[in-house]
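Undergrad: Sharing a structure with you now.
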Amino acid sequence: MAYDFDLFVIGAGSGGVRAARFAAGFGAKVAVAESRYLGGTCVNVGCVPKKLLVYGAHFAEDFEQSQGFGWSLGEAQFDWATLIANKDREIQRLNGIYRNLLVNSGVSLYEGHAKLVGPHEVEINGQRFSAEHILIATGGWPQIPEIPGREHAISSNEAFYLKSLPKRVLVVGGGYIAVEFAGIFHGLGAQTTLVYRGEMFLRGFDGAVRKHLHEELSKRGMDLQFNADIVRIDKQPDGSLKATLKDGRELLADCVFYATGRRPMLDNLGLENTAVKLDKRGFIEVDEQYQSNEPSILAIGDVIGRVQLTPVALAEGMAVARRLFKPEQYRPVDYQMIPTAVFSLPNIGTVGLSEEQAREAGHKVQIFESRFRAMKLTLTDCQERTLMKLVVDADTDKVLGCHMVGPEAGEIIQGLAIALKAGATKRDFDETIGVHPTAAEEFVTMRTPLVN
């Protein structure tokens, strides 16, 4: 049967664009449909604008610390509207780049809501197109729990477009989005409270990392409330919001920001017209080659609920394009040793196993840790401390995990991720000469393991 397209991609986020561009480059006839914004969550309401806001929040510290180096500044003033307007301009520029990437690759771009009407057929803007392969890359969407007054709360989608900086912000959640936005609001001058229903935020991260960040955020005056959950939100006559907690306490805020998870974006996608199955969490069920229960339909990225990171979606998109249209170049995505960062203030960078994961996996481990006040801070009153940690297999000497809390942690961990991916041992670290004076050299100078 002759199809209109070899590949029809639904969703022009990072993964979908990567799959489409490279499939077209391999000679396939490709179409992409997007109903919102080119670039997906990451470019528009995710990692890119968030990182810009993190940069903005960090300047408060820079101004304060500069005094120790002889700088005298007038009273610093922050204007939220300027930051948001400049952020919006940059996002529009990136939208244009994504459009050009697709069009210049020979991809047909359709802007509108695409719906599956069969295993090989898509409907968009009243038109129907057939495709040999259909790739779902529609990403995720923030969800706010069904509590009374939920309509008064916002998610990360709305946070990027607030008209003004709230004076009092209540951030709900314990994942990286909650921690990052709490740091952004707090750094920009808002009175910030982080509420999390668990014992400690950042579940799944190394215990020392979680504890260290907790200490640093507390030092900065952020209000951290664990084992706490909101049961209702009421708008007050003056426009403020009253959040009632499960234990009966009441917290007042001007903004309640929820970051309590994301769901797969499958609304009105027409999955019922296919044999595609969802797993028990509601994500599209796929095999190791991203093929759904419907052989012609594939899915990648946040919509399959594996590792919800932009670079992972990019790798999955590349894998799909290669397998379908350039099989001699195909190699599966390796989900081991994926580095990641949390752009909290201070940053977290991590790659490999946490100490807890290593022990659970049966490794006999040696732990190397260093906590120190960075050189940059020695001329200032800032008492922030940096944490660096290595998790090492005591039998093989292989470095299983590398963790950091401190300035530019993500930048430093990216390089170390290559070493861990290559199977570096602690001896390799020890025999590597450090770059002096840097914080990063601490990773190659830790010699004495902690006593277990």
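The values are calculated or read from the model by the stated rules, or taken from the named source; none is laboratory data. Keep in mind it's a predicted model, so treat the numbers as computed, not measured. Ideal geometry is used to build each Cβ from the backbone, glycine not excepted, and the neighbour counts take in all protein chains shown. Only protein heavy atoms, including side chains, enter the accessible area calculation; ligands, DNA and RNA are left aside. Shrake-Rupley method; radii C 1.70, N 1.55, O 1.52, S 1.80 Å.
Undergrad: How big is the charge dipole of segment 1-159 about its Cα centre, in debye rounded to the nearest 20, if each Lys and Arg gets +1 on its Cβ and each Asp and Glu gets -1 on its Cβ?
TA: The dipole magnitude comes to about 480 debye.
Undergrad: Let me ask something additional. Which whole-number percent gives the relative contact order of segment 34-172, counting Cα pairs below 8 Å spaced six or more residues apart?
TA: 29 percent
Undergrad: Tell me which of 55, 32, 152 sits at the most positive position along the dipole axis of segment 26-166, charges placed on C-beta atoms (Lys, Arg +1; Asp, Glu -1).
TA: Checked the options; the winner is 32.
Undergrad: Related question: Explain nothing, just the number: relative contact order of segment 358-452, from Cα pairs under 8 Å at least 6 residues apart, as a whole percent.
TA: Result for segment 358-452 is 28 percent.
Undergrad: For the full complex of protein chains and a 1.4 angstrom probe, list 411, 360, 294, 121 by accessible area with the highest value first.
TA: 360, 411, 121, 294
Undergrad: Filter the chymotrypsin sites (Phe, Trp or Tyr not before Pro) in segment 136-176 to those in DSSP coil with at most 16 other Cβ atoms within 10 Å of their Cβ, and list the result.
TA: Hits after loop and neighbour filter: 161.
Undergrad: Take the alpha carbon atoms of segment 406-447, find their center, do the same for segment 66-96, and report the distance between the two centers in whole angstrom.
TA: 32 Å
Undergrad: Another question about this same structure. For the chain, what class follows from the C-alpha gyration tensor (a ≥ b ≥ c being the square roots of its eigenvalues): rounded when a/c is under 1.5, otherwise prolate if a/b is larger than b/c, else oblate?
TA: It comes out oblate by the Cα gyration axes.
Undergrad: Could you go through segment 377-391 in sequence order and give the Karplus-derived ³J(HN,Hα) for each residue, using 6.51 cos²θ - 1.76 cosθ + 1.60 with θ = phi - 60°, rounded to whole Hz, and x for Gly and Pro?
TA: My calculation for segment 377-391 gives 8, 5, 9, 10, 8, 5, 9, 4, 10, 9, 10, 10, 8, 10, 10 Hz in order.
Undergrad: Additional query: With the crude spin-label approximation of a point 7 Å out along Cα→Cβ, what separation in nm comes out for residue 411 versus residue 381?
TA: Each label point lies 7 Å from its Cα, and together they span 2.7 nm.
Undergrad: How long is the gain from residue 214 to residue 433 if the chain were fully straight, where each residue apart is worth 0.36 nm and the alpha carbon distance is subtracted?
TA: 75.6 nm
Undergrad: Put +1 on the Cβ of each Lys and Arg and -1 on the Cβ of each Asp and Glu in the chain; which of 76, 169, 347 then has its Cα farthest toward the positive end of the dipole?
TA: 169
Undergrad: Further question: In segment 138-217, what trypsin sites (Lys or Arg not before Pro) fall in a loop by DSSP, with at most 16 other Cβ atoms inside 10 Å?
TA: Those that pass, being in a loop and sparsely packed, are 163, 167, 197, 203.
Undergrad: Report the relative contact order of the chain, percent, no decimals, based on alpha-carbon pairs under 8 angstrom and at least 6 residues apart.
TA: Relative CO of the chain lands at 16 percent.
Undergrad: Over the Cα atoms of segment 313-452, compute the convex hull volume and normalise it per residue, giving Å³.
TA: 141 Å³
Undergrad: I'd like to know which of 392, 377, 184 lies farthest towards the positive end of the charge dipole of the chain, counting +1 on Cβ of Lys and Arg and -1 on Cβ of Asp and Glu.
TA: It is 184, whose Cα lies furthest towards the positive end.
Undergrad: A further question follows. Sequence-distant or interchain residues sharing an amide H contact under 5 Å with residue 338, placed H: which?
TA: Amide H neighbours of residue 338, under 5 Å, 5+ apart: 352.
Undergrad: While we're on this one: Normalized C-alpha radius of gyration of segment 310-364, against 2.2 N^0.38 Å?
TA: In units of the globular-protein estimate, segment 310-364 measures up at 1.56.
Undergrad: To the nearest 10 square angstrom, how much accessible area does residue 436 have with a 1.4 angstrom probe?
TA: Its accessible surface works out to 150 Å², give or take rounding.
Undergrad: Could you please report the charge total around residue 250, scoring K, R as +1 and D, E as -1 over all other residues with beta-carbon less than 12 angstrom from its beta-carbon?
TA: It works out to a net charge of +2.
Undergrad: Can you list, largest first and rounded to whole Å, the semi-axes you get for segment 166-299 by taking the square root of 5 times each eigenvalue of its Cα gyration tensor?
TA: Square roots of five times the eigenvalues give 36, 20, 13 Å.
Undergrad: Apply the Debye scattering formula to segment 97-144, with a single equal point scatterer on each alpha-carbon and no solvent, then give log10 I(q)/I(0) at q = 0.14, 0.16, 0.25, 0.30 Å⁻¹.
TA: -0.47, -0.60, -1.07, -1.15
Undergrad: A follow-up question, please. In the full protein assembly as shown, how much of residue 158 is accessible to a 1.4 Å probe, in Å² to the nearest 10?
TA: Approximately 80 Å² for this residue.
Undergrad: To continue, here is another question. What does the net charge come to around residue 52 if you take all other residues with beta carbon closer than 15 Å to its beta carbon, with K and R at +1 and D and E at -1?
TA: It works out to a net charge of +1.
Undergrad: Find how much the distance from residue 163 to residue 203 grows on full extension, using 0.36 nm per residue of separation minus their present alpha carbon separation; answer in nm with one decimal.
TA: 11.2 nm
Undergrad: Moving to a separate point now. Probe radius 1.4 Å, ligands and nucleic acids left out: which of 381, 395 has the largest accessible area, and how do the rest follow?
TA: 381, 395
Undergrad: Moving on. Could you please report the charge total around residue 141, scoring K, R as +1 and D, E as -1 over all other residues with beta-carbon less than 12 angstrom from its beta-carbon?
TA: Once positives and negatives cancel, what remains is +1.
Undergrad: In debye, nearest 20, what is the charge dipole magnitude of the chain about its Cα centre with +1 on Lys and Arg Cβ and -1 on Asp and Glu Cβ, if you could check?
TA: Using only the charged Cβ atoms, the result is roughly 200 debye.
Undergrad: When the dipole is taken about the Cα centre of segment 309-412, and only Lys, Arg (+1) and Asp, Glu (-1) are charged at their Cβ, what size is it in debye, to the nearest 20?
TA: With Lys and Arg at +1 and Asp and Glu at -1, about 200 debye.
Undergrad: In whole angstrom, how far apart do the alpha carbon centroids of segment 309-332 and segment 272-303 sit?
TA: The two parts, judged by their Cα centres, are 16 Å apart.
Undergrad: While we're on this one: I need the phi-derived Karplus couplings for segment 209-221: 6.51 cos²θ - 1.76 cosθ + 1.60, θ = phi - 60°, integer Hz, Gly and Pro marked x.
TA: Result, rounded to whole Hz: 5, 4, 5, 5, 5, 4, 5, 5, 5, 5, 4, 7, x.
Undergrad: At 1.4 Å probe size, put 141, 71 in order of accessible surface, largest to smallest.
TA: From most accessible down to least: 71, 141.
Undergrad: Next question. Output wanted: per-residue J couplings in Hz (rounded whole) for segment 353-362, from phi through Karplus 6.51 cos²θ - 1.76 cosθ + 1.60, θ = phi - 60°, x for Gly and Pro.
TA: Each residue of segment 353-362 in turn: 7, 6, 4, 5, 5, 5, 5, 5, 7, x Hz.
Undergrad: State the Cα centre-to-centre distance between segment 12-35 and segment 363-378 in whole Å.
TA: Each part reduced to its Cα centre gives a spacing of 43 Å.
Undergrad: Where q = 0.13, 0.18 Å⁻¹, what log10 of I(q)/I(0) comes from the Debye formula for segment 216-373, counting one point per Cα?
TA: Treating every Cα as an identical point scatterer, log10 I(q)/I(0) equals -0.98, -1.18.
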